[in-house]
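J.: The structure that follows is given in the form of structure tokens.
The values are calculated or read from the model by the stated rules, or taken from the named source; none is laboratory data. A quick note: this is a predicted structure, and the numbers were derived from the prediction, not measured. Neighbour counts run over all protein chains shown; Cβ positions are idealised from the backbone, glycine included. Heads up: the accessible areas ignore ligands, DNA and RNA and are worked out on the full protein's heavy atoms, side chains in. Shrake-Rupley method; radii C 1.70, N 1.55, O 1.52, S 1.80 Å.
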Amino acid sequence: MFNLLRMDLRRLFKTRSFYVVLAVTAALLVMTVAMVSVVIDQAKLDALKSTGIVVTGGDSEDVMKLLRGMNRLDFLHECLGSGFLLALACTGVTLFVNGDFSSGCVKNICFARPRRWEYVLSKIFVAGFYSAIITILGVLVSLVCPVLTGLRLEPSSFAEIMQYTFWMWLPTWAFSLLGLALVLLTRSSTLGVIVAVVAGGGLTAALLQGLCQGFGWPDLAQHLLNMVVRAQCAPMPDGSRIAMILGCSLGWGALYAAGSFAAMEKRDI
């Protein structure tokens, strides 16, 4: 199994989609921070308006009031707390695993190693590594860009940033396993990419939340991973939030992993 994992990691770094997903992650965060730096600078904002672009939502003073007193950890959560890392990680894992089926590589792997559970277990660890790379990249870009654009934020300790990174990584890893399960079920990347964008972007959570409010049901949407990232992965979470993050991440991750094992064992390659 370790040889299979080593081979998967080697293939990951040779896959073009891996670097495309990383580039998209960095580009989205750079654009976000750049737009904030433009909005808080009244001169840049006036120059932008002079080109004919309509800017709504207040002026630079409103944004400055929001940023005043904000530390780096709070700004980090403002950048990453939307849950878009879930969609990117799930999309990346979907494209990577689908490469085995589109190229026929999976047939050679399962012929050499008939125990298919080893193949799935290797992909689960690769998904964790993939999610960790995306999460760390998102944290680094969100911390470096404000310095380059002149945003002044209060400092945060390294331990606090590392703790936030870890709690952000867990649900991202769990959600990326959804892409693995869908590829092993459908032998295609189409459904996995669509679900990654829809569910990772928060549409599923919003629909479920509206449904629960309309029928007077308990808020079931709070247990979805996108809502966990939005509401629970706050800077320095307390005990109840940590329990929610762990419970939902382990629960959904175990469900997606079990579905992956079942789909790999029951379906022909």
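J.: Which of the residues that make up segment 217-269 are open to solvent by 70 Å² or more (accessible area, probe 1.4 Å), in a loop (DSSP other than H, G, I, E, B) and over 24 Å from residue 84 (Cβ atoms)?
T.: 217, 218, 238, 267, 268
J.: A follow-up question, please. Please tell me if residue 174 is out of contact with any strand residue (DSSP E or B) (no Cβ under 6 Å at 6 or more places or on another chain), at pLDDT 90 or above, buried (at least 21 other Cβ atoms within 10 Å of the Cβ) and assigned to a helix (DSSP H, G or I).
T.: Here the answer is yes, as residue 174 does meet what is asked.
J.: Could you give every pair whose Cβ atoms fall below 7 Å, whose first residue belongs to segment 234-253 and is within 13 Å of residue 163 (Cα to Cα) and touching a residue at least 24 places away in the same chain (Cβ under 8 Å), and whose second residue is open to solvent by 70 Å² or more (accessible area, probe 1.4 Å) and outside any loop (DSSP other than H, G, I, E, B), counting only separations of at least 6 or pairs across chains?
T.: Close Cβ pairs satisfying both conditions: 234/241.
J.: Next up: Could we say that residue 141 is in contact (Cβ under 8 Å) with a residue 40 or more places away in the chain and within 21 Å of residue 179 (Cα to Cα) here?
T.: Considered against the rule, which asks whether it is in contact (Cβ under 8 Å) with a residue 40 or more places away in the chain and within 21 Å of residue 179 (Cα to Cα), residue 141 comes out as no.
J.: Looking at segment 110-151 only, could you name the residues that are over 30 Å from residue 185 (Cβ atoms), in contact with a Leu (Cβ under 8 Å, 6 or more places away or on another chain) and of a type outside the set (Gly, Ala, Ser)?
T.: Answer for segment 110-151, where residues must be over 30 Å from residue 185 (Cβ atoms), in contact with a Leu (Cβ under 8 Å, 6 or more places away or on another chain) and of a type outside the set (Gly, Ala, Ser): 139, 141, 143, 145, 146, 151.
J.: State yes or no: is residue 253 more than 16 Å from the chain's Cα centre (by Cα) and at pLDDT 90 or above?
T.: no
J.: When residue 18 is evaluated against the numbered criteria (1) surrounded by fewer than 18 Cβ atoms within 10 Å (Cβ to Cβ); (2) at pLDDT 90 or above; (3) touching a helix residue (DSSP H, G or I) at 6+ places or on another chain (Cβ under 6 Å); (4) not charged (D, E, K, R), which criterion, by number, is the only one it fails?
T.: Exception for residue 18: condition (1).
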